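Report on the structure given below.
The values are calculated or read from the model by the stated rules, or taken from the named source; none is laboratory data. Here the structure is a predicted model, which means the values were calculated and not measured. Every residue, glycine among them, receives a Cβ derived from its backbone with ideal geometry; neighbour counts consider all protein chains shown.
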Amino acid sequence: MATQQNGANQEKGLPMTSKWDPAQIQQEEAVLQGLARQPLLTRIRGYAKLTGPAWLQSAMTLGSGSAVASVVAGVSFGYELLWVQPIAMFLGVIMLAALGNVVLTTGERPYVTFWRELAPTLAILWAVGTILASVIWHFPQYGLAGAVVWDLASAVGASEDNRVLEYVVKAFAGLAILAVSIVVTWNYGSNARGIKLFETFLRWIIRLVIVSFALVLATTGVDWSALASGLFRPSIPEGGLILVLGAFGAAVGINMTFLYPYSILAKGWGKHHKGLARWDLFSSMFLPFVLVSSLIIIAMANTMFDPENPGLRHGLTAVEASQGLSGILGGYLARIVFNLGFLGMACSTIATHMVVCGFTFPEMCGLKYTTRRYRLFTLVPAIGVFGVALPSPFFLPIITSAIAFTMLPIAYIAFFLLNNKRSYIGEAVGRGWKRGVWNVLMIAAIVVACTGSATLIKTRVIDPVRNWISPIEKVEEPVPPVLPPDAVEPPADAVQEDDAPVDDTP
């Protein structure tokens with residue numbers, strides 16, 4: 001592998017970069033250099049027409065995990081944890097921007113950089129963690145998609161007790177989603193037009209997700225005072241610490257750190273695109289993620305949260321959340337709309353998992369990029385289609401979580417080191433107070449990632465293994481007697497008929 005990698009060291013960019021018109025790239029760079037001297041609002045208007053790679057990041061992070069986490073946060077604690085996802089994603093954006101600074105400065109593929117500038121073992125583990133995360137966490141995306149499609153079918157009249165029909169509907173949905181995903185991901189690896197098509201596909205999927213959840217919110221309303229408090233007055237409710245730390249560790253996945261630099265190289269971006277790249281991360285990744293997660297939390301807080309009995313609720317699913325909305329918007333309409341939002345989240349994540357595997361496998365194997373190889377390796381996660389009916393084997397999520405959540409803070413530390421390595425990126429390390437602020441933010445992101453990853457390793461690796469080795473016996477609580485529907489339960493201090501004194505008066 002080392003010999004193959006040494007040969008790859010001489011290569012920069014990706015094959016699809018050459019498909020872009022050089023004259024168009026030069027014209028784009030000239031426009032960006034002109035925008036760099038303009039006021040902020042003028043720059044934003046110019047950047048808005050050129051965004052793209054961060055949409056892939058947004059699509060990948062808005063999956064089944066984000067859906068369930070947002071549902072649990074809203075049902076358990078109402079508006080109180082609205083501040084968590086914005087901070088978690090902001091720190092993630094900081095680290096991706098640091099990685100983007102390195103890649104856009106050098107034009108070199110980051111796997112090659114890791115191999116030469118840091119350590120070959122680190123590069124290999126980064127790639128292995130990315131592949132495992134993309135394949136194993138592919139299963140729950142199809143599981144979410146299959147569940148919401150069946151719930152949609154149930155909402156429009158399908159018998160919920162018909163198991164044969166349920167499996168047929170879920171299988172058809174999984175195969176249909178896989179077919180569409182293959183078409184769009186293969187286009188991404190073909191040419192510049194294919195990249196634009198894929199990015200446009202993701203834009204509209206995410207917009208559909210936002211509109212779906214916003215429609216429900218428009219009916220349930222918003223408690224603006226609670227919203228402001230939840231966003232701008234951070235607090236951790238009793239029982240919510242694990243949820244908060246888990247969100248900090250899971251906002252950015254290890255496979256996202258691999259996908260982002262390759263997606264900007266695939267666009268042909270270079271050092272003149274740095275301002276655009278930062279705006280792209282903010283507008284196309286940070287804002288959509290915060291919007292979607294907040295909309296779900298608020299909708300759940302408005303409909304399923306019990307303010308008299310707050311506390312962490314385990315085991316909730318996205319479909320149960322959708323079913324809880326029956327009756328809002330009239331009949332099953334809110335349930336259907338909410339399910340469409342969850343379906344869009346699953347579909348967008350499925351497509352990006354396939355793309356990142358198309359990038360990662362050739363790098364790890366030391367193979368030259370070709371369209372055929374890219375397309376072949378995008379099919380690796382397709383085994384996850386069985387997730388519509390079957391969960392992934394117990395041990396695979398355990399192993400994946402152990403590697404992925406261990407590698408994330410290590411990858412962050414690597415980005416920090418590369419971003420400060422003047423011998424590698426020269427003046428791009430920055431100077432003065434701006435460099436100091438940037439480094440402080442990166443260190444904060446590293447600390448938060450370490451804490452969050454440690455929490456997730458405990459809850460997703462250590463605790464399940466411990467429980468598997470020594471199962472915890474559940475204590476059966478006494479079940480209260482069930483009264484007839486028309487019965488009125490007597491007060492606790494009332495005298496029962498059997499205990500009443502006997503009247504012996506003749």
Every listed condition ((1) in contact (Cβ under 8 Å) with a residue 40 or more places away in the chain; (2) within 26 Å of Ala145 (Cα to Cα)) holds for Thr406 save (2)
From the list Ala30, Ala59, pick out the single residue that is free of Cβ contacts under 8 Å to residues at least 12 places away in the same chain, part of a helix (DSSP H, G or I) and out of contact with any strand residue (DSSP E or B) (no Cβ under 6 Å at 6 or more places or on another chain).
-> Ala30
Which of the residues spanning segment 134-155 are touching a Gly at 6+ places or on another chain (Cβ under 7 Å) and either at pLDDT below 90 or hydroxyl-bearing (Ser, Thr, Tyr) (or both)?
-> Tyr142
Pick from segment 423-434, criterion within 33 Å of the chain's Cα centre (by Cα) and assigned to a helix (DSSP H, G or I), ranking: nearest to Glu117 (Cα to Cα) | Tyr424
Somewhere in segment 219-232, is a residue part of a helix (DSSP H, G or I), aromatic (Phe, Trp, Tyr), free of Cβ contacts under 8 Å to residues at least 24 places away in the same chain and surrounded by fewer than 13 Cβ atoms within 10 Å (Cβ to Cβ)?
-> yes
When only residues in segment 288-310 that are in a helix (DSSP H, G or I) and among the polar types (S, T, N, Q) count, which is surrounded by the most Cβ atoms within 10 Å (Cβ to Cβ)?
-> Ser293
Sort out which residues of segment 414-423 are free of Cβ contacts under 8 Å to residues at least 40 places away in the same chain and either among the polar types (S, T, N, Q) or out of contact with any helix residue (DSSP H, G or I) (no Cβ under 6 Å at 6 or more places or on another chain) (or both), and write them in order of number.
-> Asn420, Ser423
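Quick grid of which residues meet (1) within 25 Å of the chain's Cα centre (by Cα); (2) farther than 20 Å from Leu82 by Cβ:
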| position | (1), (2) |
| --- | --- |
| Arg193 | no, yes |
| Arg203 | yes, yes |
| Thr219 | no, no |
| Val222 | yes, no |
The condition from (1) surrounded by fewer than 18 Cβ atoms within 10 Å (Cβ to Cβ); (2) within 30 Å of the chain's Cα centre (by Cα); (3) not aliphatic (A, V, I, L, M) that Ser401 misses is numbered (1)
Residue list for segment 385-422, restricted to those being among the small types (Gly, Ala, Ser) and either modelled with pLDDT of 95 or more or part of a helix (DSSP H, G or I) (or both) | Gly387, Ser401, Ala402, Ala404, Ala411, Ala414
Within segment 169-198, the residues that are among the charged types (D, E, K, R) and either under 30 Å from Ala158 (Cβ atoms) or crowded, with 21+ Cβ neighbours inside 10 Å (or both) are Lys170
Scanning segment 235-251 residue by residue, the ones that are buried (at least 22 other Cβ atoms within 10 Å of the Cβ) and assigned to a loop (DSSP other than H, G, I, E, B) total 1
Residue by residue through segment 99-113, note down the ones that are assigned to a helix (DSSP H, G or I) and either crowded, with 21+ Cβ neighbours inside 10 Å or free of Cβ contacts under 8 Å to residues at least 24 places away in the same chain (or both).
-> Leu99, Gly100, Asn101, Val102, Val103, Leu104, Pro110, Tyr111, Thr113
Which members of segment 224-261 meet the condition of being aromatic (Phe, Trp, Tyr), within 22 Å of the chain's Cα centre (by Cα) and at pLDDT 90 or above?
-> Phe258, Tyr260
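Could you tell me whether Ser348 is within 22 Å of the chain's Cα centre (by Cα) and crowded, with 24+ Cβ neighbours inside 10 Å?
yes
Taking only segment 197-238 into account, find how many residues are among the acidic types (Asp, Glu) and under 23 Å from Phe338 (Cα atoms).
Result for segment 197-238: 1.
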Contacts under 7 angstrom Cβ, first residue in segment 428-455 being without any contact (Cβ under 8 Å) to a residue 12 or more places away in the chain, partner assigned to a loop (DSSP other than H, G, I, E, B) and buried (at least 16 other Cβ atoms within 10 Å of the Cβ), 6 or more apart | Val429/Asn420
Go through (1) surrounded by fewer than 17 Cβ atoms within 10 Å (Cβ to Cβ); (2) under 16 Å from Arg278 (Cβ atoms) one by one and return the number of the condition Ala445 breaks.
-> (1)
Of the candidates Leu91, Leu35, Leu82, the one satisfying the condition of being at pLDDT 90 or above, among the aliphatic types (A, V, I, L, M) and in contact with a Ser or Thr (Cβ under 8 Å, 6 or more places away or on another chain) is Leu82
Within segment 351-366, can one find any residue that is surrounded by fewer than 18 Cβ atoms within 10 Å (Cβ to Cβ) and either over 19 Å from the mean Cα position of the chain (by Cα) or closer than 18 Å to Ser64 by Cβ (or both)?
-> yes
Selected residue [in contact (Cβ under 8 Å) with a residue 60 or more places away in the chain and over 26 Å from Ser283 (Cα atoms)] from Gly174, Gly92 | Gly174
Name the pairs: first residue in segment 126-145 and among the β-branched types (Val, Ile, Thr), second residue surrounded by fewer than 24 Cβ atoms within 10 Å (Cβ to Cβ) and not in a helix (DSSP H, G or I), Cβ to Cβ under 6 Å, at least 6 apart or on different chains?
-> Ile136/Ser392
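Evaluate segment 201-214: report whether one residue or more is touching a Cys at 6+ places or on another chain (Cβ under 9 Å) and part of a helix (DSSP H, G or I). Lay out the reasoning, then the answer.
Restricting attention to segment 201-214, the residues satisfying the condition of being touching a Cys at 6+ places or on another chain (Cβ under 9 Å) are 205.
Subset that is part of a helix (DSSP H, G or I): 205.
Yes: one or more hits.
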Kindly check whether there is at least one residue in segment 279-287 that is out of contact with any Cys (no Cβ under 6 Å at 6 or more places or on another chain), more than 30 Å from Phe232 (Cβ to Cβ), in a helix (DSSP H, G or I) and of a type in the set (A, V, I, L, M).
-> no
